[in-house]
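A quick write-up on the structure given underneath.
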Amino acid sequence: MTLQMLLFLVLALVAIASALGMLISRNAIYSALFLVLNFATVAVFFLLLNAPFIAVAQVSVYTGAIMVLFLFVIMLLGAERAGQIQAIQWQRPLAITLAVILLLEAGYILLGQRGVIPPTTAQIPEGFGSPAQVGTDLFKSYLLPFEITSVLLLVAMVGAIVLTKGEKK
Amino acid sequence: MLPVYYYLGLAIILFTIGALGVLIRRNAIVIFMSVELMLNAANLAFVAYARYWQSMNGQIFVFFIMTVAAAEVAIGLALIVTIFRTKASIDVDQISTLKG
Amino acid sequence: MLFNAANTGGFFYLVPFLVFFPVIGLLINITLGGRMGEKAIGAIACLASGLSFVIAVLLGLALLGRPEGVVVPYLNWITIGNLQLDWAFRVDTLSVTMMLVVGGVGTLIHIYAVGYMHEDVRHNDDPGRYRRFFVYFNLFIAAMMILVSANNYMMLFIGWEGVGLCSYLLIGFWYEKGKDGIGNALAGNKAFITNRIGDFGFLIASFLMFKYFQPLAANGVFSFDFDSVATIAKQVPQGVILAITLFTLLGVTGKSAQLPLYVWLPDAMAGPTPVSALIHAATMVTAGVYLIARSHAIYSLVPVAQNWVAIVGAVTALFAATIAVAQFDIKKVLAYSTISQLGFMVAAVGMGAFVAGMFHLVMHAFFKALLFLSSGSVIQGIERGEHLVEHDPTLHKRMKHEGHFDPQDMRNMGGLRHKMKTTFWVYLVGALALAGIVPLAGFWSKDEILAEASTLNPAIYWLLIIAAFFTAFYMGRQIFMVFFGDPRSEPAAQAKESPAVMTIPLIILALLSIVGGFLNFPTLHTFTTWLEHTIQVVAEGATGGEAVAGGFNIVVAILSTVLALGAITIAWYLYMRRSQDMLKLPLNKRADDPLRPILGPIFTLLENKYWVDELYGYLVIKPYQWLSKFLAEKVDWDFWHDFFHDTILAGGFNGATRLLSGPVDLGIIDGIANFLGDGFKELAAQMRKLQTGFVRNYALSIFIGVVFIIGYLIIRLG
């Protein structure tokens, strides 16, 4: 058990636990907070995978902006209340069953792959995953998607304002 | 780095939990959050493979996914707020008038 | 066609015109008659008939140079297998005799009819029917010419049927009049149907002829012509010939009104008088006599049949003469007289005295036509008187109103010799000729028959002589009742003579009746030699050469004259003296006929014609009508229509359609269609349950899909 493996296991457990916590928690605020923890853990993973820019983006965009937004809306709508009686009784058991099947399938695939995929090399190019690298790629190879994404964000902004303003006559 | 399927396995587990969240929870916001979790799991898989193949494409893709997810969250929450105004509830089971 | 005949030379090639002139005449009258006046129609008809007579005269002249006769082929009618029927004209002395009679007497009657019908159509209120009369009259002449000029039995039969048709058409000429409004039509029916029974006999004879003669004919092809029949008949078994002759006799009794099929002739008097004269006295009814004369070759082979013919003729002669004694209708007397005289002719040809029979045929044509036409004149004279009385108030008061006034009833006549002089004299000539008073025509011909009978068949002789006695008696009765004494009714007192167009033919016929006898004057025998070219005169048991040719037996002649004069004297006594005495009796005790008190019930028997018509009605007609009613009502309507058609066929069909439309169409087919529709609706109702309306369920369905696809890929790709 190397350090890496140990680190990975710990972080994985935290991630999974926080995910499950988000799933199970009756209180929406608690769910949001669990998710924030999950995102943070995944950001660490990103760091471990030589993707520093993405890691920071994850923390700042996802946890910082998106989850905050979530929390705002939760608090706005007063969604701490517990859910009522289930309308569809068979939904939950069926979903869990299917999830288990999916995991089994995934496990089967992964374990089958164990001997197939060659291990990764330790050496990686200098500056892999650095912001400079990301920026260079964005503006060179992926310029068009980048610009479109900016339009997308504009649309989202406008849309959000339109939607929430639409009630006034 | 560890063999890539470790990260992949983790991603799958997170994805499944997110899917379960979408299917089981009735709170619209929690469902939304589960969707974010699923997207996040996909991000993890992308970054893992980007590291494996030593290609920046994976990370760029994650970048775009994040951007889109942000836009989507904005709109989605705006929608939820709008629905809440008419329905006074965010229980998705109550938005079921289009039944056959 | 017409010009093959030219090979025979002379006037013979004109023979088809015998038939064609009347046909052309009737066609002109049919097509253009509507636009022409009565005079033109009458003129064309008389001209057509007259031209036919001219042709007959020319043929007679041509025959003088070639007396053995000529066959003029015209066209080929039927050729099928063993049968070959041609329309060929036979010009020999026998047929030319008939042609001359038909043409000559026919033309005179046409001329008479121009005047008679002019008054008759006005008396019956239908002037438009004038044209139809002459069309039918010309048609009759054409058919009769076909009959007498035929060269074979089938063409003869065509003419036979043709004259039968014309007889029917002309008897029922006033079809809406008569007893109960259909009496005339019924009389026409009776004539036609009774003739049909005779025709049945003729046809059976023809079929027998074909069956037995055809194998013996030249080349096996039989053509029914008289010459081949005469030669072949000698080889055919006697029994067959007997059958043929007896069946032919049946046909003759129908056409020539002998026992038992004579009953139509008295009823045929319903037709206008020229019809009675031409058809039912002079020409059509003599066709039977002509047929037997024509068939002399086969009749002379079977003496048994000849005997039957003679017996039928003689008995009919006597039978009819007795009935004539008690008839009151002027035309009915003449009708029964015709039957009686035809009996004389048939008896003559039956005995083998063909010449005598044909001679009497010609003479009878003259005086019987004369008598009928004169009676028509008398009747119209009475009708003119009746017309005067109806329109004159003073006269009208004098007339006794006792029911319907019958202008033909002799009891309403009397004293007409002062009012209708010409008619009286010609009628007297005709009556004396019929009675057989020397030197008028009837004496010579009837005497020849009696002479032949006295030598050949005494039984027949006695029957005929008694019939001759009665003949003279009833003619005397008729003369005295009609022309002598005082008028017994107002119309008779006011009767007027007929116009010249009617009296002139009467005078011509009277002259012929006077001089006609010299045609076959004993020792001259012109007619005998004339006919001998055609008929080998054979008389079994002839005593001498003279008897063969119809000799003059002075004893017979004196006896018949004495009897005739005696009969007339008795008639004079009864109808002049006795009726004067009877006038002294009061009206209710006075008999209408002096004979009635003398004969009593016998008179009633004779007056009712021995109730033969009633007997036939009871024996034949009633069962027949019952049978046809039964077949029509029970079998045809009740069973066939109602039961079979309506119940079984229509009902079955309707039932089948009901079955198909109800249970099959609605039940089964609609059921299948509805089943499919309902099935789909059920399916849709079930499928609808997938749309729960919950978003989570839809998401679940996506998730299910994902799981299964991954599972499938795992399984497939290992």
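The values are calculated or read from the model by the stated rules, or taken from the named source; none is laboratory data. Please read these numbers as outputs of a predicted model, since none were measured by experiment. Here Cβ is always computed from backbone atoms with ideal geometry, including for glycine, and neighbour counts include all displayed protein chains.
Determine which single condition residue C:332 fails, assuming it passes every other condition in (1) under 30 Å from residue C:118 (Cβ atoms); (2) modelled with pLDDT of 90 or more; (3) surrounded by 24 or more Cβ atoms within 10 Å (Cβ to Cβ).
(3)
Looking at this structure, is residue C:286 under 15 Å from residue C:156 (Cα atoms) and among the polar types (S, T, N, Q)? It would help to see each step written out before you state the result.
Details: under 15 Å from residue C:156 (Cα atoms): yes; among the polar types (S, T, N, Q): yes.
Criteria met by residue C:286.
On the given criteria, is residue A:69 more than 7 Å from chain B (Cβ to nearest Cβ) and modelled with pLDDT of 90 or more? Step through it out loud before you land on a result.
Working: more than 7 Å from chain B (Cβ to nearest Cβ): no; modelled with pLDDT of 90 or more: yes.
Spelling it out, it is not the case that residue A:69 is more than 7 Å from chain B (Cβ to nearest Cβ) and modelled with pLDDT of 90 or more.
Look at residue A:102 and say whether it is modelled with pLDDT under 90, assigned to a helix (DSSP H, G or I) and within 30 Å of residue C:701 (Cβ to Cβ).
It is false that residue A:102 is modelled with pLDDT under 90, assigned to a helix (DSSP H, G or I) and within 30 Å of residue C:701 (Cβ to Cβ).
In the set A:28, A:12, A:19, which member is out of contact with any Lys or Arg (no Cβ under 7 Å at 6 or more places or on another chain) and surrounded by fewer than 19 Cβ atoms within 10 Å (Cβ to Cβ)?
A:12
Before we move on, is residue A:64 surrounded by fewer than 16 Cβ atoms within 10 Å (Cβ to Cβ), more than 7 Å from chain B (Cβ to nearest Cβ) and on the phi > 0 side of the Ramachandran plot?
no
Among (1) in a helix (DSSP H, G or I); (2) touching a Phe, Trp or Tyr at 6+ places or on another chain (Cβ under 8 Å), which single condition is residue C:120 missing?
Evaluating residue C:120 over (1) in a helix (DSSP H, G or I); (2) touching a Phe, Trp or Tyr at 6+ places or on another chain (Cβ under 8 Å) leaves (2) as the failure.
For residue C:594, only one of the following conditions fails: (1) touching a Phe, Trp or Tyr at 6+ places or on another chain (Cβ under 7 Å); (2) more than 16 Å from residue C:328 (Cα to Cα); (3) free of Cβ contacts under 8 Å to residues at least 40 places away in the same chain. What is its number?
(2)
Within segment A:1-37, track down each residue that is at the interface with chain B (Cβ under 7 Å from one of its Cβ atoms) and at pLDDT 90 or above.
If the condition is that a residue be at the interface with chain B (Cβ under 7 Å from one of its Cβ atoms) and at pLDDT 90 or above, then A:8, A:12, A:15, A:16, A:19, A:20, A:22, A:23, A:31, A:32, A:35 are the ones that fit.
Within segment C:681-718, track down each residue that is closer than 21 Å to residue B:26 by Cα, within 7 Å of chain B (Cβ to nearest Cβ) and part of a helix (DSSP H, G or I).
Of everything in segment C:681-718, those that are closer than 21 Å to residue B:26 by Cα, within 7 Å of chain B (Cβ to nearest Cβ) and part of a helix (DSSP H, G or I) turn out to be C:695, C:696, C:699, C:700, C:703.
Any residue in segment B:25-38 that is assigned to a loop (DSSP other than H, G, I, E, B) and over 30 Å from residue A:127 (Cβ atoms)?
Yes, some residue in segment B:25-38 is assigned to a loop (DSSP other than H, G, I, E, B) and over 30 Å from residue A:127 (Cβ atoms).
Just to be sure, is residue C:172 within 15 Å of residue C:280 (Cα to Cα), at pLDDT below 95 and surrounded by 20 or more Cβ atoms within 10 Å (Cβ to Cβ)? Quick ask: steps written out before the conclusion?
On the way: within 15 Å of residue C:280 (Cα to Cα): yes; at pLDDT below 95: yes; surrounded by 20 or more Cβ atoms within 10 Å (Cβ to Cβ): yes.
Taking the combined requirement at face value, the residue satisfies it.
Restricting attention to segment C:184-191, does a residue exist that is in a helix (DSSP H, G or I), out of contact with any Gly (no Cβ under 9 Å at 6 or more places or on another chain) and over 30 Å from residue C:70 (Cα atoms)?
Taking segment C:184-191 and keeping what is in a helix (DSSP H, G or I), we get C:184-191.
Filter once more, so that each one left must be out of contact with any Gly (no Cβ under 9 Å at 6 or more places or on another chain): C:190.
From what is left, the residues that are over 30 Å from residue C:70 (Cα atoms) are C:190.
Scanning segment C:184-191 turns up at least one residue that is in a helix (DSSP H, G or I), out of contact with any Gly (no Cβ under 9 Å at 6 or more places or on another chain) and over 30 Å from residue C:70 (Cα atoms).
Looking at segment B:12-19, is at least one residue away from chain C (no Cβ under 14 Å), part of a helix (DSSP H, G or I) and surrounded by 18 or more Cβ atoms within 10 Å (Cβ to Cβ)?
Within segment B:12-19, one or more residues are away from chain C (no Cβ under 14 Å), part of a helix (DSSP H, G or I) and surrounded by 18 or more Cβ atoms within 10 Å (Cβ to Cβ).
Scan segment A:17-56 residue by residue and report those that are β-branched (Val, Ile, Thr) and either farther than 18 Å from residue B:19 by Cα or assigned by TED's automatic domain parsing to the domain that holds residue A:136 (or both). Break it down stepwise before answering.
We begin by selecting, within segment A:17-56, every residue β-branched (Val, Ile, Thr); these are A:24, A:29, A:36, A:41-42, A:44, A:54, A:56.
The answer is A:29, A:41, A:44, A:54, A:56.
Please report, ordered by residue number, the helices (runs of 4 or more DSSP H) entirely within segment C:428-510 with at least 2 residues that are under 30 Å from residue C:559 (Cα atoms). It would help to see each step written out before you state the result.
On the way: elements: C:441-456, C:458-483, C:490-493.
Output list reads C:441-456, C:458-483.
Residue by residue, here is whether (1) part of a helix (DSSP H, G or I); (2) out of contact with any helix residue (DSSP H, G or I) (no Cβ under 9 Å at 6 or more places or on another chain); (3) not aliphatic (A, V, I, L, M) holds:
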| position | (1), (2), (3) |
| --- | --- |
| A:26 | no, yes, yes |
| A:29 | yes, no, no |
| A:35 | yes, no, no |
| A:39 | yes, no, yes |
| A:50 | no, no, yes |
| A:56 | yes, no, no |
| A:60 | yes, yes, yes |
| A:63 | yes, no, yes |
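What about residue B:25, is it more than 7 Å from every other protein chain (Cβ to nearest Cβ) and of a type in the set (Lys, Arg)?
It is true that residue B:25 is more than 7 Å from every other protein chain (Cβ to nearest Cβ) and of a type in the set (Lys, Arg).
List every residue pair whose Cβ atoms sit under 8 Å apart, with the two residues 6 or more apart in sequence or on different chains, where the first one lies in segment A:132-158 and is facing chain B (nearest Cβ under 7 Å) and the second, anywhere, is among the small types (Gly, Ala, Ser) and not in a helix (DSSP H, G or I).
Cβ pairs passing all conditions: A:133/A:127.
Looking at segment B:34-92, which of the residues that are at the interface with chain A (Cβ under 8 Å from one of its Cβ atoms) and in contact with a strand residue (DSSP E or B) (Cβ under 9 Å, 6 or more places away or on another chain) is surrounded by the most Cβ atoms within 10 Å (Cβ to Cβ)?
The extreme case among them is B:90.
Of the numbered conditions (1) surrounded by fewer than 24 Cβ atoms within 10 Å (Cβ to Cβ); (2) modelled with pLDDT of 85 or more, residue C:112 fails exactly one; give the number of that condition.
(1)
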